[in-house]
Amino acid sequence: MIDLRILRNDPELVRDAQRRRGESPELVDEILAKDEARRTTIAHFEMLRAEQKATGKQVARAAGEERAQLLAHTRELSARVKEAEAAQTDADGAYRQAMKRLPNPAAPEAPAGGEDDYTVIEHVGEPRDFSAEGFEPLDHVELGKRLGAIDIERGAKVAGARFYYLTGVGAELEFALVNMAMDQARSAGFTMMIPPALVKPPAMEGTGFLGQAAADVYHLPGDDFYLVGTSEVALAAYHSDEVLDGDSLPRRYVAFSPCYRKEAGSYGKDTRGIWRVHWFDKVEMFSYTTLEESYAEHERMLGWEKQWLDKLELAYRVIDTAAGDLGLSAARKFDCEAWIPTRSGYGELTSTSNCTEFQARRLNVRGRFADGIRPLATLNGTLVAIPRAIVAILETHQQADGSVRVPVALQPYLHGRTTLEPVQ
């Protein structure tokens, strides 16, 4: 959630941020009204409690008829205090529920609008011209079959649509990508982690995934656990209810984890192959820092993602995601989209978001500084989402004979192999 002082002191700033997201600015007025009601109930409760305490002292000094009257008044006050306390609790709950619906205000630099209103920041590399090379590129599904790398049919048989097996060199590719990503992150000062893939409701809610994204989350109601859609959830909650030493910042973690997503609302979209699936493995970067330093850290996150895509020898573009496509927690997000030949277009491979203080306030993650204790900022960045990286590698580096060239940086992680050869 955002700093309440911003809402009280500059509500128009937040209303404008809502408009740029395509969300209702009336939510700001609703929250302010509930905040005022909450403060009124607090004042009323405290007034009655003060009167109750004062009356209690009078009872101790009184005698006879006066004492009897004061005792009767005390009983009346006790009932009124309980009512006032209940009203305060209800008002506070209503305020907090409204605040949880309010997204992080989009950064002024983020483009206004929805999914298609992004701004292209840069293009890196040139897409391959397969027609000039004299052959038609195969898609990753056909390449995966020929290489013995992807088995979609048996994935669907065992688990249903949008599940798959990585087999043979496909499984080798996953481990190679994970190890190369971990090596890069470790060299940049990240601490390696393997976090839980199941989390309690406060972790999921604190990171903002039970708001707009709730329909995309798998829930196990019998145990009240959630399957994470990204290790961002477990990493953000790692320091929940803690106060970190400001001198220890930034704290950077990189995690490997399975990710689970219902892909609600994507019916009929990218259903072929392993581009949009219900389960995948991912390596995710995460950083805790100060709000002031978060903007430079965001640029560093983007730089590490670009370094990664350069190692994979992919043509890609970087986009500044529009405000309406940011999700609940992010103030600004950059996506790196690789050119996918058989899609004849770009597709998101990595993204990095600056969530400013939004998640830290919800999860109560703070830092101790010379001038006091205050919320930290959190940032996340995908280094590699395995299926999409495999799609991009297979399609981009395929050769006319059906083999696939291995990017030079990846070769040591595949035992020096320079090409992936068809097995059928």
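Tally up the residues in segment 346-359 that are surrounded by fewer than 20 Cβ atoms within 10 Å (Cβ to Cβ) and either modelled with pLDDT under 95 or not in a strand (DSSP E or B) (or both), please.
Restricting attention to segment 346-359, the residues satisfying the condition of being surrounded by fewer than 20 Cβ atoms within 10 Å (Cβ to Cβ) are 346-348.
Right, trim to either modelled with pLDDT under 95 or not in a strand (DSSP E or B) (or both) and you get none.
Qualifying residue count, segment 346-359: 0.
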message: For segment 109-181, give me every one of the helices (runs of 4 or more DSSP H) that falls completely inside it and has 2 or more residues that are touching a Leu at 6+ places or on another chain (Cβ under 6 Å).
response: 140-147
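Sort out which residues of segment 143-162 are surrounded by 13 or more Cβ atoms within 10 Å (Cβ to Cβ), out of contact with any His (no Cβ under 6 Å at 6 or more places or on another chain) and not β-branched (V, I, T), and write them in order of number. Before the answer, list the steps.
Step one: list which residues in segment 143-162 are surrounded by 13 or more Cβ atoms within 10 Å (Cβ to Cβ), which gives 143-152, 155-156, 159, 162.
So of that shortlist, the ones also out of contact with any His (no Cβ under 6 Å at 6 or more places or on another chain) come out as 143-152, 155-156, 159.
Correct list: L143, G144, K145, R146, L147, G148, A149, D151, G155, A156, A159.
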task: List the number of the failed condition for A377; all other conditions in (1) farther than 29 Å from E122 by Cβ; (2) under 25 Å from the mean Cα position of the chain (by Cα); (3) touching a residue at least 24 places away in the same chain (Cβ under 8 Å) hold.
output: (1)
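Can you tell me which residue within segment 301-323, out of those that are of a type outside the set (A, V, I, L, M) and buried (at least 19 other Cβ atoms within 10 Å of the Cβ), is nearest to Q18 (Cα to Cα)?
Residues of segment 301-323 of a type outside the set (A, V, I, L, M): 303-308, 310-311, 313, 316-317, 320-321.
When the remaining residues are screened for being buried (at least 19 other Cβ atoms within 10 Å of the Cβ), the result is 304-305, 308, 316, 321.
Values: W304: 31, E305: 29, W308: 34, Y316: 30, T321: 15 Å.
It comes out as T321.
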- line: Exception for E133 within (1) charged (D, E, K, R); (2) free of Cβ contacts under 8 Å to residues at least 40 places away in the same chain; (3) closer than 30 Å to W339 by Cβ falls at (2)
- line: Considering residues that are loosely packed, with under 15 Cβ neighbours inside 10 Å, among the hydrophobic types (A, V, I, L, M, F, W, C) and over 43 Å from the mean Cα position of the chain (by Cα), the number found within segment 16-58 is 2
statement: H140: passes all of (1) crowded, with 17+ Cβ neighbours inside 10 Å; (2) at pLDDT below 95 but (2)
message: Can you say whether A94 is surrounded by fewer than 16 Cβ atoms within 10 Å (Cβ to Cβ), part of a helix (DSSP H, G or I) and on the phi < 0 side of the Ramachandran plot, as far as the supplied structure shows?
response: no
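The values are calculated or read from the model by the stated rules, or taken from the named source; none is laboratory data. Remember, predicted model here, so these are calculated numbers, not experimental data. Note that we place each Cβ from the backbone using ideal geometry, even for glycine, and neighbour counts take in every protein chain shown.
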